[in-house]
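Only one structure is covered here, and it is reproduced in the block below.
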Amino acid sequence: MLELSKLDRGDEADTVKLSELLRGRHFRVVYIGSTLFALQQLSGINAVFYFSSSVFKSAGVPSDVANALIGVANLTGSIVAMLLMDKLGRKLLLLWSFFGMTMSMVLQVAAANSYVSGFGSLYLSVGGMLMFVLTFALGAGPVPGLLLPEIFPNRIRAKAMAFCMSVHWVINFFVGLLFLRLLEQLGPQLLYSIFASVCMMAVIFVKKNVMETKGKSLQEIEIALLPPE
């Protein structure tokens, strides 16, 4: 009780060192958090957000309509996620979200296949892109931002979140920087296959490493995830 009251007052908040996050008893939760954000960005979501207009343009859809469709898909998924987060749980939403993103990228790979006819390819590409954004917003987008503060103990929460968000934005930067170059060099079929593989890896990672936090107190989560001192 004395230790919990000390943590609630914020004592020792400034004594956490970066080395404590990368080794020892806190390594597992920081590893889960940073890997979740890394997989989220390596799934290709921001490449879709940044460059979706060009895909829609090739389908004859004006850029303003394309941006509106992407926005509606993102908003719809976010509202549904908000309603289901405490009913279905964080882990289930993450699993189905990443699996849906995998299937969406499979549609993109099919659209890039030379055996698919012109209009079929365009419909698959546009449909796959909207489905990708929708399924991302159902779990992979909002859940990590909620899950991480729940799994980090009070003492390390601020610095652990800062570290994980740094991983998030560094990978975001490089995905945005390199996407078009990789698209030219690898081709859409191979690049979208890589994104689909990352999404499937995320499904496996979540299944093996992420615990369900729905209905659990912060103390219960800490006891389950951290080894005793």
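Would you confirm whether or not the stretch 207-229 contains a residue that is among the hydrophobic types (A, V, I, L, M, F, W, C) and touching a Phe, Trp or Tyr at 6+ places or on another chain (Cβ under 8 Å)?
no
Which pairs have Cβ atoms under 6 Å, sit 6 or more apart or on different chains, and link a residue in the stretch 93-109 that is among the β-branched types (Val, Ile, Thr) to one that is crowded, with 19+ Cβ neighbours inside 10 Å?
Every condition considered, the pairs that remain are Thr102/Ala196; Thr102/Cys199; Val106/Ala196; Val109/Tyr192.
Here are some conditions: (1) over 23 Å from Met85 (Cα atoms); (2) surrounded by 16 or more Cβ atoms within 10 Å (Cβ to Cβ); (3) among the polar types (S, T, N, Q). Thr213 meets all but one. Which one does it not meet?
(1)
What about Ser43, is it more than 23 Å from Leu218 (Cβ to Cβ), surrounded by 11 or more Cβ atoms within 10 Å (Cβ to Cβ), among the polar types (S, T, N, Q) and modelled with pLDDT under 80?
Criteria not met by Ser43.
Pairs, please: C-beta under 8 Å, at least 6 apart or cross-chain, first residue farther than 18 Å from Met201 by Cα and in the stretch 24-53, second of a type in the set (Phe, Trp, Tyr)?
Val29/Phe152; Val30/Phe152; Val30/Phe163; Ala47/Phe179; Ala47/Phe195; Val48/Phe132; Tyr50/Phe179; Phe51/Phe179
For the stretch 128-179, enumerate the residues that are of a type in the set (Ser, Thr, Tyr) and in contact (Cβ under 8 Å) with a residue 24 or more places away in the chain.
Within the stretch 128-179, Thr135 is the sole residue that qualifies.
Residues that are among the hydroxyl-bearing types (Ser, Thr, Tyr) and within 30 Å of Phe27 (Cβ to Cβ), at least 1 per element: which helices (runs of 4 or more DSSP H) completely within the stretch 121-212 meet that?
It comes to 157-186, 188-209.
This table checks each residue for (1) among the β-branched types (Val, Ile, Thr); (2) modelled with pLDDT under 85; (3) surrounded by fewer than 21 Cβ atoms within 10 Å (Cβ to Cβ); (4) touching a helix residue (DSSP H, G or I) at 6+ places or on another chain (Cβ under 7 Å).
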{"site": "Met129", "(1), (2), (3), (4)": "no, no, no, yes"}
{"site": "Phe132", "(1), (2), (3), (4)": "no, no, no, yes"}
{"site": "Phe136", "(1), (2), (3), (4)": "no, no, no, yes"}
{"site": "Asn154", "(1), (2), (3), (4)": "no, yes, yes, yes"}
{"site": "Met161", "(1), (2), (3), (4)": "no, no, yes, yes"}
{"site": "His168", "(1), (2), (3), (4)": "no, no, yes, yes"}
{"site": "Phe174", "(1), (2), (3), (4)": "no, no, yes, no"}
{"site": "Met201", "(1), (2), (3), (4)": "no, no, yes, yes"}
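Residues to consider are Ile204, Ile171, Ile194; find the one that is among the hydrophobic types (A, V, I, L, M, F, W, C) and more than 15 Å from Gly44 (Cα to Cα).
Just a single option satisfies the conditions, and that option is Ile204.
The values are calculated or read from the model by the stated rules, or taken from the named source; none is laboratory data. Here the structure is a predicted model, which is why all the values come from computation and not from measurement. When we count neighbours, we look across all protein chains shown, and the Cβ atoms used for this are built from the backbone with ideal geometry, even at glycine.
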